1. For a Förster distance of 35 Å, can you work out the FRET efficiency between the beta-carbons of residue 204 and residue 342, rounded to the nearest 0.05?
2. So how far apart, in nm, are the two label points at residue 13 and residue 39 if each is 7 Å from Cα heading toward Cβ?
3. Full-extension gain between residue 301 and residue 92, please, as 0.36 nm times their residue separation minus the C-alpha to C-alpha distance.
4. What FRET efficiency would be calculated for the residue pair residue 169, residue 143, taking the C-beta separation as r and a Förster radius of 25 Å, to the nearest 0.05?
5. Could you put 20, 125, 52 in order, starting from the residue whose Cβ has the fewest other Cβ atoms within 10 Å?
6. Normalised radius of gyration for the range 138-179, please: alpha carbon Rg relative to 2.2 N^0.38 Å, two decimal places.
7. Given N residues in the range 266-354, what is its alpha carbon radius of gyration divided by 2.2 N^0.38 Å?
8. When a footprinting reagent is the concern and you count Cβ atoms within 10 Å, what order do 136, 40, 319, 274 take, fewest first?
């Protein structure tokens, strides 16, 4: 392993965790796709091969990006943001429908699909990190500092909101956390939060008053999920067929117990429509047990701590912000998947980073780690240079 790690610069612990998770995903995807075979046809080998393509693309993207000079990440942030807006608008009018939502773009010639919101999340975090550096001295001025920082968040979240509420809410929360980390005035944060809440209520009111406008095309789905989770009594939830996937996920966790049923021996994964993605954690516990689940949570926590370590070592404020944003985003997405599977949150579309069946989410997670490793590589070079200088200085004194 050491021989190969010499080609991978940056933080070795991050490399080992990400490679371990991506390698393990090949086993679990092959095990968790029987329900997809029943619904869409094909064979487990077909979906495994498709996932392997995404794993390879993700690793190549991560490796290529981590070799790039970290200063270019700052320079391309604004371009990435405007590209994200273009992709979201294109998806809105020309995207393909999957599971009742127009979130995907089909890539010509190769037949693979790409979810534009996955790119938009990272693009917004990069651009927001840049703005927090550029506008820092104007934070007390609404026109010069607050509105220019707030506008990109509102634009991206509104474009995502129509077909993906959970991603829009998560991205807004993440942006809010990043603003707090960037020492945004707390009074202005309170005003922004209140304004967004009022805007959300206004959108819902207009949608209900004029349903023909179809402002929120998936509002009925969101409302039904919320009612099933929080407003109906326990008895009605148990026998609600439309809530079967959430109930089966909890049964899968119970069935997994401490040690699990064994690889490929899970029974309830065949009755959970998104066992390989949105309900990955439940399928994982059924086959590998709660002990393995605690180890998985430990790996994600170590990954977050190592990313925070990279953020604290750099002397460039933008790099600190983007590393912290990436680390929090990965942990937040992981936590949402776990909370949905255990029944603590309504059903959403957030999967497990590096583990769920591949697609744009896997590739963008790899690109995120590539950015972190590019910054970590630069930090290591600076440390090595300083150490070398100190040693030479000591030798000169002797």
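1. Rounded to the nearest 0.05, the efficiency is 0.80.
2. 3.8 nm
3. Stretched out fully, the residue 301 to residue 92 stretch lengthens by 71.7 nm.
4. So the FRET efficiency works out to roughly 0.35.
5. By the 10 Å Cβ count, ascending: 20, 52, 125.
6. Taking N as the residue count of the range 138-179, the ratio is 1.25.
7. 1.26
8. 40, 136, 274, 319
All of the numbers you see were taken from the coordinates with simple rules; none came from a lab. Here the structure is a predicted model, which is why all the values come from computation and not from measurement. Neighbour counts are summed over all protein chains in view; Cβ atoms, including those assigned to glycine, are modelled from backbone coordinates with ideal geometry.
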